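Reading through the structure tokens given below for one structure.
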Amino acid sequence: MDQVSTATSPRAFDVNNRLVLTIAIPMMLAYLTTPLLGLVDTAVVGQFGDAALLGGLAAGAIIFDVVFTTFNFLRSGTTGLVAQAFGRDDSLEQRAVFWRAAAIAVVAGVVLILLAPLIASAGEWFMGAEPRVTQAMDTYIRIRLLSAPASLLNYAILGYFLGRGEASRGLMLQLLLNGVNIVLSIWFGLHLGWGVEGVAWGTVCGEVVATLVGLAVILRRFHPMPDMPWRRTFSSAAMRRMLALNGDIMIRSFVLMGAFTLFTRQGAQLGTLTLAANAVLMHFFLVAGYFLDGFATAAEQLAGRAVGARYLPAFQRAVRLTLIWGFAMAGAVTIIVLLFGDQLVAIITTAADVRAEASAYLPWAALTAVSGVLAFQMDGVFIGATWSRDMRNMMLLSFAAFVAALLLLGRYFGNHGLWAALHVFLITRGLSLLAAMPRSVRATFV
């Protein structure tokens, strides 16, 4: 990559540690508010002392997350395209990208509302829970889906701000969304006694408030800009490019979700105790992911901006610095988990047998941060550069490697083999994308 020469660009910019951290740190904080929200919702419903309500909330949240994972492309795809327009200093295209994403978000959100009964029924069938759990889950899903247009618009709004490197605005919107959500969930759920319905309505209100505030900021920014014909904003070529990019990212997200689902399923085949221990240990991987996602987001914006500016030195430095910081963060998280993992497991569960089982596999979970950092960072680079086809293909390759490792290692080494297969998946993702990058760089920076 360093051997590719590029002439000095009029849109040249410097990538330094401060710029990387200005994006990464706010987004780490924003992502870390997500598990706090789930904790509060669980605590609110838990005050009613009814296991069926807790089960319905948990099941409903899983179904909702599965549905909305499909539309994560509205955030990441928007970030990449806006970052490239930002690198070209093309404010009108930044606006056009946002409106395209917003249009997809509104249409998809309305469709999800109309499909709410079908989605709820499918979720009930998939979970196969007892009637009272099913009733609570049905209530939660139907109410939550009313926020679908606002939720998807928030993806586009966050993508726009991140594409411009305005991570602090993204953080403020996430804090607003989750703050309103938490306050109203407590108010509706406990003070008014609405239970699961209150938690769901609190979430709806949080999404709507964040959408209105985010749109107000963006519309105020767009107001003084010159008019652009709607035919250009929604041109067939531009929409095809966005849909193709989003389609690749969607496939990548589905495969990623499938890998983690398969990991959970195979753990269940090893017994309830192993399943429970793995569920506890996966929290460490998820939390590490929130930290690493901050640097992946920095890679998205800076790589996309460099591609838009056609300025290779900035791209190279963005890749190098986000990778260095990512490995530093991953190393810190790994050390913390190795040193204090047993105490953290004890906080999560009081079951002695689950604690003992989790302790036996703790090093595997601790090291996922190190084995996964390159995958997170490379994902950010490829999303920002909109090299979505390579990202999709390397994810499929990595999934095949994961399945092969799962069949071989899982058969002979049980749960140790299962965790080893997860590491194979993460390492293959990172290395395959790294290997594919030079060719894409040569094709882009000509």
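One table, with the values for the structure above:
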{"item": "Simple label model, 7 Å out from Cα along Cβ direction - residue 114 to residue 70, nm", "result": "1.4 nm"}
{"item": "Length-normalised contact order for region 344-440 - Cα pairs under 8 Å, 6+ apart - percent", "result": "35 percent"}
{"item": "Karplus-derived 3J(HN,Hα), 6.51/-1.76/1.60, for each residue of region 202-207, Hz, glycine and proline x", "result": "x, 5, 4, 5, x, 5"}
{"item": "Taking the chain and dividing mean pair separation by its residue count, relative contact order in percent (alpha carbons under 8 Å, at least six apart)", "result": "23 percent"}
{"item": "log₁₀ of I(q)/I(0) at q = 0.10 Å⁻¹ - region 105-230, Debye sum with one point per alpha carbon", "result": "-0.40"}
{"item": "Rounded percent of accessible protein surface that carbon and sulfur make up, region 83-126, 1.4 Å probe", "result": "74 percent"}
{"item": "Part-to-part distance (alpha-carbon centres) for region 291-364 and region 379-432, which is given in Å", "result": "17 Å"}
{"item": "Equivalent ellipsoid dimensions for the chain as semi-axes, Å, which come from the Cα gyration tensor, largest first", "result": "35, 29, 19"}
{"item": "Accessible surface, per residue, of the chain when the full set of protein chains is kept, probe 1.4 Å, Å²", "result": "43 Å²"}
{"item": "In Å, descending, principal axis extents of the Cα set of region 335-446", "result": "60, 30, 17"}
{"item": "Charged-residue dipole, Cβ positions (Lys, Arg, Asp, Glu), the chain about Cα centre, Debye nearest 20", "result": "1540 debye"}
{"item": "Residue-count net charge about residue 325 - beta-carbon cut-off 13 Å; Lys, Arg +1, Asp, Glu -1", "result": "+2"}
{"item": "Binned Cα-Cα distance frequencies in region 384-446 - 5 Å width, integer %", "result": "4, 19, 23, 17, 13, 10, 7, 5, 2, 1"}
{"item": "Within the chain, helix-based [θ] at 222 nm, where runs of 4 or more DSSP H residues each add -39,500 (n - 2.57), nearest 500", "result": "-29500 deg cm²/dmol"}
{"item": "Percent breakdown of C-alpha pair distances by 10 Å bin, ordered from the shortest bin, for region 244-393", "result": "11, 33, 30, 18, 7, 1"}
{"item": "Computed over region 127-237: relative contact order in percent, which uses C-alpha pairs under 8 Å that are six or more apart", "result": "29 percent"}
{"item": "Inter-centroid distance (Cα atoms) of region 141-182 relative to region 232-289, Å", "result": "20 Å"}
{"item": "Alpha carbon convex hull of region 160-309, projected area averaged over orientations, nm²", "result": "13.3 nm²"}
{"item": "Charge-dipole axis of the chain as Lys and Arg at +1 and Asp and Glu at -1 on Cβ define it, positive-most pick from 356, 306, 23", "result": "306"}
{"item": "Table column - 3J(HN,Hα) (Hz), region 99-109, Karplus curve with 6.51, -1.76, 1.60, x for Gly and Pro", "result": "5, 5, 5, 5, 5, 4, 4, 5, 4, 5, x"}
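The values are calculated or read from the model by the stated rules, or taken from the named source; none is laboratory data. Since the structure is predicted, the reported quantities are computational estimates derived from the model, not experimental observations. FYI the Cβ positions are ideal-geometry reconstructions off the backbone, even for glycines, and counts take in every protein chain you see. Protein only, heavy atoms only, side chains kept; ligands, DNA and RNA dropped before computing areas. Shrake-Rupley method; radii C 1.70, N 1.55, O 1.52, S 1.80 Å.
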